[in-house]
Amino acid sequence: MGAVGVLRGPVRDESGLEPREELGELRPVAGRPAGQRSVEVVDHRPGDPREQAVALAGDGEPGDATVVGIGVADYEPEGLERSQLAAHRGEVDPDATGERRHRDRSVPVDGTERGQPRAGDRDPGRPHHPLLLARAGGGRGDELGELEDRAQRWVGGGHRFGGLPRRLYVCKYMGMRTDEHYTIISADCHAGGSHEMYREYLEEKYVADFDAWREKYKNPFRDLQDGGRIRNWDDDRRIGDLEADGIVAEVVFPNTVPPFFPSFILFARPPTADEYEHRLAGIRAHNRWMADFCARHPERRAGIGQIFLNDVDDAIDDVKWIKEHDLRGGVLISSIPPDVDYVKPLYDPVYEPLWQVCEDLEVPVNSHGGTGLPNYGKYPAAALLFITEVQFYSQRPFVQLLFSGVFDRHPDLKFVMTEMGGAWMPPMLKQFDSLLEQIRTTGRTGEMRYSEEHILPKSATDYYRQNCWMGISQPGRGEAAVVDEIGVDRFMWGSDYPHDEGTGPYTREHLRQLFHDTDPDQLQRMLAGNAAELYGFDLDVLAPYAEKVGPTVGEIAVPLDRLPDKPNEALLRAAS
């Protein structure tokens with residue numbers, strides 16, 4: 001995100017004698033665009049905060065003041081209260097009072113919510129920012145000594161706050177106005193090319209085989225037939241549909257049937273050895289198509305490339321290609337079905353080089369619901385078994401990567417679980433936390449014994465908050481009820497366009513139905529801020545689109561008291 005203002009000196013040098021200029025940047029906080037006056041102080045070099053001034057870019061309106069609190073771990077607590085500065089249209093009042101502070105919120109520079117752990121915290125259960133610890137300015141009449149005592153009591157003494165020297169800053173900001181527009185990024189949309197399009201992206205040596213395969217292929221998917229299928233690739237239709245629904249950008253998963261695939265791209269089982277060469281050529285054609293598709297509107301699309309896990313070297317080559325061709329959505333991996341014995345399970349060490357490359361290149365690893373199910377055979381019950389067991393199999397990549405230590409060995413790996421609900425995650429983490437603690441403490445569960453190789457040093461919750469995000473597509477009441485447990489900073493809303501079960505064309509009604517009473521700044525994180533940070537969208541660039549088509553804060557704050565005449569599945573599920 002670009003800077004929206006600067007924090008500028010002069011400040012004194014270390015001797016306290018010579019004044020010098022110091023600068024720090026002000027940037028948007030809580031996933032909000034620059035023009036909305038919510039800022040954080042970043043990259044500020046040490047200086048006396050009492051001698052700093054704050055300058056904000058843009059035109060503020062009367063009453064839209066921003067109160068910026070500045071603190072770093074090396075400052076002594078008695079300096080904190082005097083570091084409070086009030087800024088309005090660039091004017092600074094160093095003696096600001098606290099009349100409006102009850103309307104403000106405090107957010108650390110790393111974007112976590114108050115009291116949530118930060119990677120590397122020795123005691124992640126406690127707040128870690130000195131201003132948050134001391135609650136500087138939280139109440140008028142606090143004496144400096146009281147602030148110091150409170151800070152030292154909460155961190156166990158000392159001024160290094162958990163033993164970690166770090167620069168941290170806090171911003172206190174005014175909430176979003178009711179006439180401001182939400183920026184909405186759908187973290188789960190789907191697109192793909194037609195067979196005719198894919199043919200142009202195939203390597204020449206496979207074109208004849210593709211023509212022969214295409215002659216025999218019959219499309220069984222209703223949404224990929226007739227007029228509806230153009231939503232997968234037609235820019236005017238697609239952008240028009242999304243904007244009519246208030247959505248300005250999208251994370252793009254695959255959707256159609258690439259060359260040589262036996263079925264829909266997400267549900268297709270891993271290729272056998274005989275199928276691998278041609279199926280690999282098919283997904284590489286899709287990835288080339290996806291790169292061009294996103295390049296037509298790069299500010300609005302973060303495409304996801306696909307890899308196969310049959311051959312790790314090929315998979316690594318594809319990850320590098322995806323990174324080089326700016327598919328910011330990262331890579332899609334499939335859960336391995338239990339009846340597939342020709343591809344190693346995700347917990348096999350053979351994939352270690354792949355995880356390392358994804359971590360080093362900062363390529364998100366995505367897992368989408370609907371993969372990894374066994375072949376149920378041609379039975380009347382097969383479709384019902386699929387729909388009732390799909391969530392279990394969709395969860396297996398997270399479970400397998402967690403317990404095999406992938407998250408422990410790769411703390412910077414970014415793992416995303418999309419369109420598989422989310423209400424299941426808090427109870428699963430609670431169960432796994434208890435299990436791992438018991439194993440660490442006793443080395444056993446019942447008759448089962450565990451050795452050192454089974455022991456993970458952190459809790460499942462710690463690994464989740466360290467490595468994981470959730471793309472909550474067309475959420476229901478269960479997901480809305482556990483936003484805090486999932487993590488406001490880990491929840492990414494998705495519409496599932498163009499699928500029938502998605503929120504369109506009633507996304508506004510869907511948001512009013514579930515999130516009308518959600519804090520607007522939190523909701524903005526869920527609707528765009530988190531996806532922007534993870535997938536590399538620029539909220540400043542998206543802001544003009546949102547001003548045209550995004551719903552307002554006031555609009556979403558009105559509860560939905562009746563369903564439209566022809567409600568979609570998402571509205572009916574949330575209403576039941």
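The values are calculated or read from the model by the stated rules, or taken from the named source; none is laboratory data. Every value quoted in this text rests on a predicted model; they were computed, and no experiment measured them. A quick note on method: Cβ atoms are made from the backbone with ideal geometry, for glycine too, and the neighbour counts reach across all protein chains shown.
Looking only at segment 433-454, decide whether some residue is in a loop (DSSP other than H, G, I, E, B) and either within 30 Å of Asp234 (Cα to Cα) or under 15 Å from the mean Cα position of the chain (by Cα) (or both). So that I can check it myself, show each step before the final result.
Taking segment 433-454 as the starting set, the residues that turn out to be in a loop (DSSP other than H, G, I, E, B) are 443, 446-447, 450-451.
Next cut, either within 30 Å of Asp234 (Cα to Cα) or under 15 Å from the mean Cα position of the chain (by Cα) (or both) only: none.
No, segment 433-454 has no match at all.
State all residues of segment 413-424 that are in contact (Cβ under 8 Å) with a residue 40 or more places away in the chain and either assigned to a loop (DSSP other than H, G, I, E, B) or hydroxyl-bearing (Ser, Thr, Tyr) (or both); if no residue qualifies, say none.
Step one: list which residues in segment 413-424 are in contact (Cβ under 8 Å) with a residue 40 or more places away in the chain, which gives 413-423.
Those that are in contact (Cβ under 8 Å) with a residue 40 or more places away in the chain and either assigned to a loop (DSSP other than H, G, I, E, B) or hydroxyl-bearing (Ser, Thr, Tyr) (or both): Leu413, Lys414, Thr418, Glu419, Met420, Gly421, Gly422, Ala423.
Scan (1) out of contact with any Asp or Glu (no Cβ under 7 Å at 6 or more places or on another chain); (2) modelled with pLDDT of 95 or more for the single condition Leu280 breaks and write down its number.
Result: Leu280 fails condition (1) only.
Kindly list, by first and then second residue, each pair from a residue in segment 441-453 that is in the same structural domain as Phe403 (by TED's automatic domain parsing) to a residue that is surrounded by 10 or more Cβ atoms within 10 Å (Cβ to Cβ) and of a type in the set (Lys, Arg), limited to pairs with Cβ atoms under 8 Å and residues at least 6 apart or on different chains.
Gly443/Arg449; Tyr450/Arg444
Right, Glu359: of a type outside the set (A, V, I, L, M), within 27 Å of Leu534 (Cβ to Cβ) and in contact with an Asp or Glu (Cβ under 6 Å, 6 or more places away or on another chain) or not? If you could, list the steps in order and put the result at the bottom.
Working: of a type outside the set (A, V, I, L, M): yes; within 27 Å of Leu534 (Cβ to Cβ): yes; in contact with an Asp or Glu (Cβ under 6 Å, 6 or more places away or on another chain): yes.
Considered against the rule, which asks whether it is of a type outside the set (A, V, I, L, M), within 27 Å of Leu534 (Cβ to Cβ) and in contact with an Asp or Glu (Cβ under 6 Å, 6 or more places away or on another chain), Glu359 comes out as yes.
Quickly run through segment 326-347 and pick out the residues that are under 17 Å from Leu534 (Cα atoms) and of a type outside the set (A, V, I, L, M, F, W, C). Can you show your working first?
The first filter runs over segment 326-347 and keeps only residues under 17 Å from Leu534 (Cα atoms), leaving 326-332.
Hits for segment 326-347 are Asp326, Arg328, Gly329, Gly330.
Within segment 520-557, track down each residue that is assigned to a loop (DSSP other than H, G, I, E, B) and in contact with a helix residue (DSSP H, G or I) (Cβ under 6 Å, 6 or more places away or on another chain).
Initial filter on segment 520-557 (assigned to a loop (DSSP other than H, G, I, E, B)): 536-538, 550-551, 557.
Within segment 520-557, Pro551 is the sole residue that qualifies.
Here is a list: Arg512, Arg465. Which entry is surrounded by 18 or more Cβ atoms within 10 Å (Cβ to Cβ), free of Cβ contacts under 8 Å to residues at least 60 places away in the same chain and farther than 19 Å from Ala249 by Cα?
Details: Arg465 fails: free of Cβ contacts under 8 Å to residues at least 60 places away in the same chain.
After ruling out the rest, the residue left standing is Arg512.
Taking the conditions exactly as written (surrounded by fewer than 19 Cβ atoms within 10 Å (Cβ to Cβ), closer than 27 Å to Tyr351 by Cβ and touching a residue at least 24 places away in the same chain (Cβ under 8 Å)), does Gly405 satisfy them or not? Even if it seems obvious, please write down each step before you answer.
On the way: surrounded by fewer than 19 Cβ atoms within 10 Å (Cβ to Cβ): yes; closer than 27 Å to Tyr351 by Cβ: yes; touching a residue at least 24 places away in the same chain (Cβ under 8 Å): yes.
In short, yes.
Where residues in segment 285-344 are buried (at least 16 other Cβ atoms within 10 Å of the Cβ) and of a type in the set (Phe, Trp, Tyr), which of them is nearest to Cys189 (Cα to Cα)?
Phe293
State whether the residues of segment 525-536 include one that is of a type outside the set (Asp, Glu), at pLDDT below 95 and either more than 20 Å from Arg301 (Cβ to Cβ) or surrounded by fewer than 17 Cβ atoms within 10 Å (Cβ to Cβ) (or both).
Looking through segment 525-536, at least one residue is of a type outside the set (Asp, Glu), at pLDDT below 95 and either more than 20 Å from Arg301 (Cβ to Cβ) or surrounded by fewer than 17 Cβ atoms within 10 Å (Cβ to Cβ) (or both).
Just name the residue that is modelled with the lowest pLDDT out of those in segment 370-421 that are under 30 Å from Ala480 (Cβ atoms) and among the hydroxyl-bearing types (Ser, Thr, Tyr).
Here the answer is Thr371.
Give the residues of segment 383-402 that are of a type in the set (Gly, Ala, Ser) and either surrounded by 12 or more Cβ atoms within 10 Å (Cβ to Cβ) or assigned to a loop (DSSP other than H, G, I, E, B) (or both), sorted by residue number. It would help to see each step written out before you state the result.
Within segment 383-402, the subset of a type in the set (Gly, Ala, Ser) is 383, 394.
Selection gives Ser394 alone.
Just need a number here: residues in segment 289-316 that are more than 25 Å from the chain's Cα centre (by Cα) and not in a loop (DSSP other than H, G, I, E, B). First the steps, then the outcome.
First pass over segment 289-316, keeping only residues more than 25 Å from the chain's Cα centre (by Cα): 310-314.
Pick out the ones that are also not in a loop (DSSP other than H, G, I, E, B) and you get 312-314.
Counting residues in segment 289-316 that are more than 25 Å from the chain's Cα centre (by Cα) and not in a loop (DSSP other than H, G, I, E, B) gives 3.
When you look at Gly487, is it crowded, with 20+ Cβ neighbours inside 10 Å and at positive phi, yes or no? Let's see the steps before the verdict.
Details: crowded, with 20+ Cβ neighbours inside 10 Å: yes; at positive phi: yes.
So Gly487 passes the test.
Select, from Pro380, Pro353, Pro427, Pro374, the only residue that is touching a residue at least 40 places away in the same chain (Cβ under 8 Å) and either surrounded by fewer than 17 Cβ atoms within 10 Å (Cβ to Cβ) or in a helix (DSSP H, G or I) (or both). Write out each step before concluding.
Numbers: Pro380 fails: touching a residue at least 40 places away in the same chain (Cβ under 8 Å); Pro427 fails: touching a residue at least 40 places away in the same chain (Cβ under 8 Å); Pro374 fails: touching a residue at least 40 places away in the same chain (Cβ under 8 Å).
Residue meeting the stated conditions: Pro353.
Taking the options Val541, Val482, Val488, Val558, name whichever one is in the same structural domain as Val252 (by TED's automatic domain parsing) and over 19 Å from the mean Cα position of the chain (by Cα). Walk me through how you get there before you give the answer.
On the way: Val541 fails: over 19 Å from the mean Cα position of the chain (by Cα); Val482 fails: over 19 Å from the mean Cα position of the chain (by Cα); Val488 fails: over 19 Å from the mean Cα position of the chain (by Cα).
So the residue among Val541, Val482, Val488, Val558 that is in the same structural domain as Val252 (by TED's automatic domain parsing) and over 19 Å from the mean Cα position of the chain (by Cα) is Val558.
Could you tell me whether Leu332 is assigned by TED's automatic domain parsing to the domain that holds Asp318, outside any helix (DSSP H, G or I), touching a residue at least 60 places away in the same chain (Cβ under 8 Å) and not polar (S, T, N, Q)?
Details: assigned by TED's automatic domain parsing to the domain that holds Asp318: yes; outside any helix (DSSP H, G or I): yes; touching a residue at least 60 places away in the same chain (Cβ under 8 Å): yes; not polar (S, T, N, Q): yes.
Judged against the criteria, Leu332 is a match.
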